[in-house]
Amino acid sequence: MRRVRPRPRAVAAAAGVTALVAAAALSPLSGSAAAAPQVKAVPAITGHTLIKGVGSPLTTEQCQAKWKLACYTPLQYRQAYNLNPLYKKGVTGKGRTIVIVDSFGSPTVQHDLDVYSKQFGLPHTKVEVKKWGNVPPWDPKNADMTGWAGETTLDVEMAHAIAPDAKIVLIETAVAETEGVTGLPEMMDAEKWAIDHNIGDVITQSFGATENTFPGFDKGDFSSINNLRYAFKDAAKHKVTVLASSGDGGATDNTADGKGYYKYRVNSWPSSDPLVTSVGGTQLHLNDKGDRIKPESVYNDHGAGGGGQSHVFTRPAFQDSVKNVVGARRGTPDISMAAAVDGGAWVYSSYDPTSVGWDVSGGTSEASPLFSGIIALADQVAGHRVGDIHKALYKLNSLSAHNPFTGIVDVKDGTNNSYAGVTGYTAVKGYDMATGVGTVDAARFVPALARLS
């Protein structure tokens, strides 16, 4: 999830912020790796001045040997999420459109996606860029712009990795989203316009703001959030699926100044909205082929998967089946995908001329676009938009204990999303506020979701 604000680049990975791991540049002469630098998980929030691109992706084994972390390609994700059986049947997202909304966008997004696709043998896909408002000219020295360009690149490449034949529409807005309402009206206007003009089938949002930072929150007045929900209500009316990253701050999240964390449990919007599917984060443990070497854990390294109770929204009917966990409040996340930095995704970018190449990226900013690809596949199988998936998702979760064909993969290894001194939630059997219902076996989950929707 993304929040871009002018602040020092060396801060810890923030809630809702993509964590990027810099790797050493490959020698242009020998092709071998240069001496490995000290690896730092750095949130892509104010630019990429400290990141040096790798000449080409390394294997997971090489990454672990050189930098003590795992790195994954889209081909490994395909194996891990059991996507290949769907692809063999022609279920690739063809005929469906994923809408991505980011401030400012990236001037090199098409080129970068082309390089990414060629590297991994993925089909070419044209990114249709639509500008909302007076988007300022690209300035590679503007930290806000380069931060959002990193988010844009990640969003586009992850969506394409899962749904290789889906159309991608990138909507660039002119105001950077921060904490509170700043930037969100423009984003919601852009989304409503996209919905009303039948632009796409699923919208992925890798941004959010802590509920507590919205005007009026401390007085119990939630109108500043409620007044922004018009796009989501419109999406429900038109059966467009809306997703949002759950955040990277575990059970806490950023304070209004963006420099620290609340000392108690909080949540963030739009992830907490009952009209939005909240996508949390897991840590995959894979070999070079993409096979799991052990079950998934909760994302909790240089950030942690966001989750917990909303202080704005009461428990929606679709969560009645998990009321023993969420209580009287809306609980997040609903479901989770890969987000850990140790097990991050290779991403190619060239928007920053001082740092062209491959980086390893993590955070729930990765998870939401990954899941948007899953939704595009389900739309194709269903032959129509699956729309708001909550009812179907929690139905599948209720069935999953006795029916492996739901495609729900429970995350229950006992890890947690405690972060920044705030005790979080533990991944246990069934629904929990660390990973939601868990993650997916796509070959089973996609057709099951299509049937129930």
With -39,500 (n - 2.57) per DSSP H segment of 4 or more residues and division by the full residue count of the chain, the 222 nm estimate, nearest 500 deg cm²/dmol, is -8000 deg cm²/dmol
Normalised by the number of residues in the chain, what is the relative contact order in percent for Cα pairs under 8 Å and 6+ residues apart? 21
Specify which labelled value, from (i) 28.0, 109; (ii) 21.3, 69; (iii) 19.6, 63, agrees with Rg and Dmax of the Cα atoms in Å derived from the coordinates of the model shown. (iii)
The answer for the net charge of residues other than T92 whose Cβ lies under 15 angstrom from its Cβ, with Lys and Arg +1 and Asp and Glu -1, is +3
Value of Rg/Rh across segment 44-197 [Cα atoms, Kirkwood radius]: 0.99
Could you run the Karplus curve 6.51 cos²θ - 1.76 cosθ + 1.60 with θ = phi - 60° over segment 346-351 and give me ³J(HN,Hα) per residue in whole Hz, x for Gly and Pro? 5, 9, 9, 8, 9, 5
Please report, ordered by residue number, every helix of the chain (full DSSP H runs) that is 24 Å or longer along its axis going by C-alpha atoms and whose mean Kyte-Doolittle hydropathy reaches -1.0. 143-162, 364-382
Dipole of the chain (Lys/Arg Cβ +1, Asp/Glu Cβ -1, origin at the Cα centre): which of F104, A401, S355 lies farthest to the positive side? A401
Given K239/K391; K192/K233; K233/K391, the pairs whose alpha carbons are separated by over 18 Å: none
Given unit charges at Cβ for Lys, Arg (+) and Asp, Glu (-), the dipole magnitude of the chain about its Cα centre in debye, nearest 20, is 760
Residue by residue through segment 238-251, which ³J(HN,Hα) values in whole Hz follow from phi under the Karplus form 6.51 cos²θ - 1.76 cosθ + 1.60 (θ = phi - 60°), with glycine and proline marked x? 9, 6, 8, 6, 10, 10, 8, 5, 7, x, 10, x, x, 7
For segment 412-430 versus segment 252-298, the gap between their alpha-carbon centres in whole angstrom: 11
Using a ≥ b ≥ c from the Cα gyration tensor of segment 241-291 (square roots of the eigenvalues), is it rounded, prolate or oblate, where a/c under 1.5 gives rounded and otherwise the larger of a/b and b/c decides, a/b for prolate? oblate
Residues of type lysines that K412 reaches as a straight line, Cα spacing below 18 Å, ignoring anything fewer than 8 places off in the same chain: K294, K429
Honestly segment 191-289 on the Cα gyration tensor test (a ≥ b ≥ c root eigenvalues; a/c under 1.5 rounded, otherwise a/b vs b/c for prolate or oblate) is just oblate
With N set to the residue count of segment 320-453, report its C-alpha Rg divided by 2.2 N^0.38 Å to two decimal places. 1.18
Between H124 and Y264, with labels modelled 7 Å along Cα→Cβ, what's the label distance in nm to one decimal, could you check? 5.7
With label points built 7 Å along Cα→Cβ from the Cα atoms of E61 and H111, find their separation and express it in nm. 3.5
Compactness of segment 128-245 as Cα Rg over 2.2 N^0.38 Å, two decimals: 1.11
Take A328, project a point 7 Å from its Cα along the Cβ direction, then tell me which residues of segment 216-254 have their backbone nitrogen under 20 Å from it. 217-223
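Computed from the coordinates by the stated procedures, all read-outs in this text should not be read as laboratory data. Please read all numbers here as calculations on a predicted model, not as lab measurements. Note that we place each Cβ from the backbone using ideal geometry, even for glycine, and neighbour counts take in every protein chain shown.
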